[in-house]
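Scroll down for the structure; my scribbles are underneath it.
The values are calculated or read from the model by the stated rules, or taken from the named source; none is laboratory data. All of these numbers come straight from a predicted model, not from anything done at the bench. With ideal geometry, Cβ positions are generated from the backbone for all residues, glycine too; neighbour counts draw on all protein chains shown.
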2 protein chains.
Amino acid sequence: MLVNGKPGNLISIRDRGLLYGDGVFRTLRAIQGKAQHWLLHYQKLQHDCAALGIACPDVALLSAELNDLLVQHPDGVVKLIVTRGEGTRGYPPSILPIPARIWDVSAMPDYPADWAIYGIKARLCQLRLSQQPRLAGIKHLNRLENVLAAAEWEDADIAEGVLLDAPGNVIEGTRSNLFLVRDGALLTPDLSRCGVAGVQRERVMEWAAAHNVPCRAEQFGLAELLAADEIFLVNSIIGLWPVRELQNRTWSHYPIARQVQKWLNHALD
Amino acid sequence: MLVNGKPGNLISIRDRGLLYGDGVFRTLRAIQGKAQHWLLHYQKLQHDCAALGIACPDVALLSAELNDLLVQHPDGVVKLIVTRGEGTRGYPPSILPIPARIWDVSAMPDYPADWAIYGIKARLCQLRLSQQPRLAGIKHLNRLENVLAAAEWEDADIAEGVLLDAPGNVIEGTRSNLFLVRDGALLTPDLSRCGVAGVQRERVMEWAAAHNVPCRAEQFGLAELLAADEIFLVNSIIGLWPVRELQNRTWSHYPIARQVQKWLNHALD
């Protein structure tokens with residue numbers, strides 16, 4: 001753990017990250033001393049900081065801190081939080097505070113290997129995401145909706161929950177981005193009103209462009225999702241999970257998801 | 001400052017309050033060693049913890065901590081944060097974590113005395129609050145909307161911003177609850193889809209009931225707000241501020257607001 005460049009696991013109770021969730025974060029995978037797609041994550045961090053008016057720490061500074069961390073912890077889940085820092089009391093973000101940089105490393109979760117191969121069982125969450133265009137797409141620290149959604153089930157066989165927004169559009173998993181395959185084309189939810197636009201979502205789009213597979217981000221509902229030829233979920237820790245079961249539908253062949261998965265995993269090496 | 005019963009101003013970077021805004025808070029005023037309406041605040045804390053599935057710390061424990069704090073800091077703004085505590089990595093809230101108790105004291109802000117007497121200049125915020133019935137009314141730590149709204153203006157003459165929700169219903173101030181007076185009756189926004197239901201809002205309702213003044217919580221829009229005979233804002237730190245100016249309307253007499261204000265202030269003693 002590294003807090004503002006120094007080893008430690010504590011932060012001020014006046015940090016706006018705690019007070020208001022006034023900050024952003026990234027979750028990366030480290031393999032043999034290398035943080036996967038660090039620069040893509042940094043670009044997202046920069047974008048998200050800008051959206052909240054937080055001065056994003058310099059890439060050289062963060063890269064140096066990350067390297068220090070990787071020397072001690074070459075493998076696992078690396079989390080980086082950047083908050084607006086400490087300020088005076090109250091909501092208005094003063095110009096003065098120095099953003100806080102918080103690094104943490106955990107062991108890789110031991111997901112069953114089957115999930116990536118044969119697909120996962122997913123469920124539909126009851127919680128509906130609220131629409132807030134000003135925060136949509138941003139990986140910020142206001143994550144109570146995800147917490148409440150993830151609290152809906154305890155069955156360890158259910159790997160992920162699918163979230164709709166209030167009007168019923170499919171948005172994402174509780175901790176992953178979602179794609180469907182229909183007639184050989186990819187479709188992923190439009191995230192202009194809610195959801196988190198992750199790095200792996202962008203990489204899947206990159207794969208599609210490179211392989212001349214049509215890929216659009218647009219609104220669609222549950223009926224369209226359940227009618228899909230394939231569904232898959234992605235994030236930087238799980239990689240890609242095809243969906244084997246959702247509501248009363250099951251799937252067993254994932255030809256496109258498999259290609260994407262191979263490419264995502266290969267590009268890890 | 002007091003963190004989990006011990007003097008200190010630091011919290012773990014693995015506390016879910018920081019990671020996800022997974023917690024609730026209260027802001028109280030201390031006067032001469034007494035925290036105003038502590039039990040009302042505790043009831044709200046208990047309600048809000050229950051809504052998030054957080055085990056609310058016992059009133060005896062919190063009261064004892066508060067008393068310790070007040071011995072050293074008899075006057076000022078007391079903030080209490082209760083988070084879900086530290087857990088394992090990921091959104092699902094495990095049953096195990098012990099909620100964190102965080103106390104902080106600051107000096108009372110030096111608002112111009114005129115504001116409570118002659119009323120304030122308020123502005124309409126551009127940011128629209130999102131609707132999330134599962135979180136509505138709760139004073140939780142996901143406060144980025146308030147931060148963005150409060151960042152919209154720098155003019156120190158503007159004391160508060162009024163927030164609408166996405167469909168255009170009036171909801172609250174960025175840090176206060178709102179009432180309007182029309183034909184001798186009080187109206188306050190329905191907070192079942194967004195907003196924070198504060199202790200002073202409840203006290204105003206209590207005043208109305210005790211004085212046979214009709215008071216309803218219901219949906220209304222900006223036109224209805226601007227057509228009001230009086231508008232006033234309340235919270236535990238500012239007390240009551242009548243609104244003197246909003247959009248192109250001005251007000252100069254606050255007969256009902258004045259009665260409520262006297263009662264709120266008197267009950268402080």
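Only one of A:GLU202, A:GLU224, A:GLU245 is under 16 Å from the mean Cα position of the chain (by Cα), surrounded by fewer than 21 Cβ atoms within 10 Å (Cβ to Cβ), of a type outside the set (S, T, N, Q) and modelled with pLDDT of 95 or more; which?
Every option except A:GLU202 fails the conditions.
The condition of being surrounded by 15 or more Cβ atoms within 10 Å (Cβ to Cβ), more than 19 Å from the chain's Cα centre (by Cα) and of a type in the set (Asp, Glu) holds for only one of B:ASP190, B:ASP229, B:ASP155, that being B:ASP229. Evaluated against (1) part of a loop (DSSP other than H, G, I, E, B); (2) away from chain A (no Cβ under 14 Å), B:MET108 falls short on exactly one condition, (2). Checking B:ILE171, B:ILE138 one by one, the residue that is closer than 23 Å to B:VAL78 by Cβ, within 18 Å of the chain's Cα centre (by Cα), in the same structural domain as B:GLU245 (by TED's automatic domain parsing) and of a type in the set (A, V, I, L, M) is B:ILE138 and no other. Can you pull out every residue in region B:159-211 that is β-branched (Val, Ile, Thr), in contact with a Lys or Arg (Cβ under 8 Å, 6 or more places away or on another chain) and over 16 Å from B:ILE237 (Cβ atoms)? The answer is B:VAL162, B:THR188. All of (1) within 20 Å of the chain's Cα centre (by Cα); (2) crowded, with 19+ Cβ neighbours inside 10 Å; (3) within 14 Å of chain A (Cβ to nearest Cβ) hold for B:ALA122 with one exception: (3). Applying the criterion of being hydroxyl-bearing (Ser, Thr, Tyr) and facing chain B (nearest Cβ under 10 Å) to the residues of region A:125-178, the residue that is farthest from A:ILE54 (Cα to Cα) is A:THR174.
For B:VAL260, the requirement of being touching a strand residue (DSSP E or B) at 6+ places or on another chain (Cβ under 8 Å), surrounded by 23 or more Cβ atoms within 10 Å (Cβ to Cβ) and under 20 Å from B:ILE31 (Cβ atoms) is met.
Here A:GLU145 fulfils each of the conditions (1) crowded, with 18+ Cβ neighbours inside 10 Å; (2) at pLDDT below 95; (3) touching a Ser or Thr at 6+ places or on another chain (Cβ under 9 Å) apart from (2).
Among the residues examined, A:ALA159 does not qualify as farther than 23 Å from A:TYR118 by Cβ and modelled with pLDDT of 95 or more. Only one entry of B:PRO97, B:PRO133 meets the criterion of being in contact (Cβ under 8 Å) with a residue 60 or more places away in the chain and assigned by TED's automatic domain parsing to the domain that holds B:VAL82, and that entry is B:PRO97.
When A:ASP75, A:ASP68, A:ASP58 are checked against the criterion of being of a type in the set (D, E, K, R) and touching a strand residue (DSSP E or B) at 6+ places or on another chain (Cβ under 6 Å), A:ASP75 stands alone in meeting it. May I ask you to list the residues in region B:116-135 that are touching an Asp or Glu at 6+ places or on another chain (Cβ under 9 Å) and over 30 Å from A:ALA156 (Cα atoms)? Passing the criteria: B:GLY119, B:ILE120, B:LYS121, B:ALA122, B:ARG123, B:CYS125, B:GLN126, B:LEU127, B:ARG128, B:LEU129, B:SER130, B:GLN131.
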